[in-house]
Every structure is written in structure tokens, then in C-alpha cells.
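Asks: The following block contains the structure, expressed as C-alpha cells.
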Amino acid sequence: MRAVEPQVHLIARPELDYDEVAAYLQDVGGESWLERVDRGDLDDAQNLAEFAGRICYRSWKPGLNPNVTKVRTDQDVYLKNILASAHGSVLEHVSFTFVLHNVSRVVTHELVRHRAGVAVSQESLRFVRLDDIPFWFPEWAQKDQELMDRATGLMQQIEEFQHWMADHFGLDEEGVPFHEKKEKTSFMRRFAPEGLATGLVWTANVRTLRHVIENRTAPGAEEEIRLLFGKIGELMVKEAPSLFGDYTVEDGAWVPGWRKV
């Protein structure tokens, strides 16, 4: 048995093609918007959200749409107005991809309830044979010595049974076809605990992220998933402060300034 901690790695974020953005803006007379955002470090995630919002009203500058006589020129103010007015559809264009590492199948079973705006690729125990049982213990459990002794003993028994089955089925013998390994490995996973740590790639758009961060850090949420999405919330505040800076954290619960965007 191997004790682990849930980890989050942000591996992909939006990237704009500014040449194509410029070509479009030149065609519609909105070049001044790109000149305004092209100062210092470009924030592609927030620029994409703003771009999507402005195309809805043709609000690149006053007068392009005769109904628009003034525009917000500060991106932070503009995006906060998007949140406040619940114009959340423009946030769906902005997606981030994470590796969720050493998370239990307790977590992954709950994550599948969030399907809108999400893509998932999870480690398959039909193909990946277990040779140990990585497992996360919360702090309160680690302080209970009798519980830990019994739990680690049980995990060691499960590991030993996994090794016994692999030997019994001869999976490491030369010439065993892969389809047979897959069949037996699929059977063997049935004896793995739901708390087994695994990994997945998880992609979500900003609208979904805002909902899931709030939902899965709430006081009534499962403790491991609360820990995980607290970490994701911290990452997102750094990545896109104008889109996630309205949250306040109260005893681990991430409470948004604007809900149901």
C-alpha cells in the first residue's frame, strides 16, 4: 500500500491566433480593441472571453453598432459585468485541461455527474494491471492509529491477492496474448477498493468550472473532492483573476460573488 496525496496539474489553456483575430477586426472596424488588449502580457483566456462577449453586441468601440454609444475599456470591469449580468455563454469558449493525479474512484464517480462542458480521459483498469494500491487518507484518519493499522493491513492483503492472481493466471509468462491479459486484468480490478487512487485528464470550460468549484467545495461535499477543487480554485484565480476573482473562501467553501452565470 502506498499513501498518496491528490494532485492537480494544469496542462493546457486557451491560445488565441492574434493574426486571425486582427484580420477579423480589420474587416469589421474593431482594430482598436486589439490595440487596447495588446499591452504587456497577453492573457488569452480572458481575451477570448472578452472577444466572445463583444462580438455579441459588436461593441469593439462606440458607433460600430449604432445602439452602442459607449463601451467599457477596462477588461476587468468588462468581465465582471459579464459575470454580474449572467452572460455565461461566452465563458464556454474558454477551456482549461487538468491532470487529476492520485484521486480516488470516489472522486471520479462524483465527477461524472458534471457532464456539460467537460471532457474526460481516465486511466483504465481494464488495461492497467494493479501492482500496488495507492490510497489517500484524510488527516483525521491518519490520527487514528488503530484505524490506520487495520486499513493498511487490509490494503496489503488486497495487494497480495492482486499479485497472487497475476501469478495464478500466468500473465507475465512469455507468449500470453494481450486480449487474455486484458480479460484477466478486468476481472482482477473487481477486487480493488473504490478508494484506489487513479488518474485522469479533465477538461472543462470556465462556466462549468465556476459551477463545479462552488458545488464541490461546499460544506456538504465529499472531503477529498473538496480538497481537489479547492486546489483547482486556487489555480484558476491565478490563471484568470477577472473570471474567478469574485470568490470568497469560507472554511474551505468557495462562494462566488455571482452565482449561476
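Only the coordinates and a few stated rules stand behind these numbers; no lab work does. All values derive from a computational prediction rather than experimental measurement. Cβ placement follows ideal geometry from the backbone for every residue including glycine, while neighbour counts extend to all protein chains displayed.
Asks: Give the label of the value calculated from the structure for Rg and Dmax of the Cα atoms in Å, choosing from (1) 30.9, 92; (2) 23.9, 77; (3) 23.0, 79.
Replies: Recomputing Rg and Dmax of the Cα atoms in Å here gives the entry labelled (2).
Asks: Return the loop-located chymotrypsin sites (Phe, Trp or Tyr not before Pro) in the stretch 159-261 (DSSP other than H, G, I, E, B) with at most 16 other Cβ atoms within 10 Å of their own Cβ; answer none if there are none.
Replies: 258
Asks: Taking the Cα atoms only, what angle lies between the long axis of helix 145-169 and the longest principal axis of the chain, rounded to 10 degrees?
Replies: So the helix axis and the longest Cα principal axis differ by about 80 degrees.
Asks: Count neighbours as other Cβ atoms within 10 Å of each site's Cβ, and list the trypsin sites (Lys or Arg not before Pro) in the stretch 56-86 that are DSSP loop with at most 10 such neighbours.
Replies: Filter output for the stretch 56-86: 70.
Asks: For the residues 73, 108, what sequence is obtained by ranking on other C-beta atoms within 10 Å, fewest first?
Replies: 73, 108
Asks: What value, in deg cm²/dmol to 500, does the helix sum -39500 (n - 2.57) over DSSP H runs of n ≥ 4 give at 222 nm once divided by the residues of the chain?
Replies: My calculation for the chain gives -14000 deg cm²/dmol from helical runs alone.
Asks: Between residue 223 and residue 183, what is the spin-label point distance in nm, taking each point 7 Å from the Cα along the Cα→C-beta axis?
Replies: Distance between label points: 4.2 nm.
Asks: Which aspartates and glutamates does residue 238 reach when only Cα atoms under 13 Å apart count, and residues fewer than 8 places away in its own chain are ignored?
Replies: 43, 246
Asks: Sticking with this structure for a sec: Which longest run of the chain has no exposed loop site in it, a site being GluC sites (Glu not before Pro) in a DSSP loop with at most 10 other beta carbons within 10 Å, and the site itself not part of the run?
Replies: 16-172
Asks: Give me the extension gain from residue 17 to residue 81: residue separation times 0.36 nm, minus the current Cα-Cα distance, reported in nm with one decimal.
Replies: 20.5 nm
Asks: Assuming R0 = 41 Å, can you tell me the calculated FRET efficiency for the pair residue 58 and residue 112, based on Cβ-Cβ distance, to the nearest 0.05?
Replies: The formula returns an efficiency of 0.55 here.
Asks: Put a dot 7 Å past each Cα toward the Cβ at residue 139 and residue 172; how far apart are the dots in nm?
Replies: Each label point lies 7 Å from its Cα, and together they span 3.9 nm.
Asks: Right, here's the next one. Under a point spin-label approximation (7 Å from Cα along Cα-to-Cβ), what is the residue 154-residue 41 distance to one decimal in nm?
Replies: 4.6 nm
Asks: Where nothing but the Cβ of Lys and Arg (+1) and of Asp and Glu (-1) is charged, how large is the charge dipole of the chain around its Cα centre, in debye to the nearest 20?
Replies: 1140 debye
Asks: Kindly express, to the nearest 10 degrees and within the range 0 to 90, the angle between helix 223-239's C-alpha long axis and the longest C-alpha principal axis of the chain.
Replies: 30 degrees
Asks: In addition: So how tilted is helix 18-28 from the main axis of the chain? Cα-based, degrees 0 to 90, rounded to 10.
Replies: Computed tilt is about 40 degrees.
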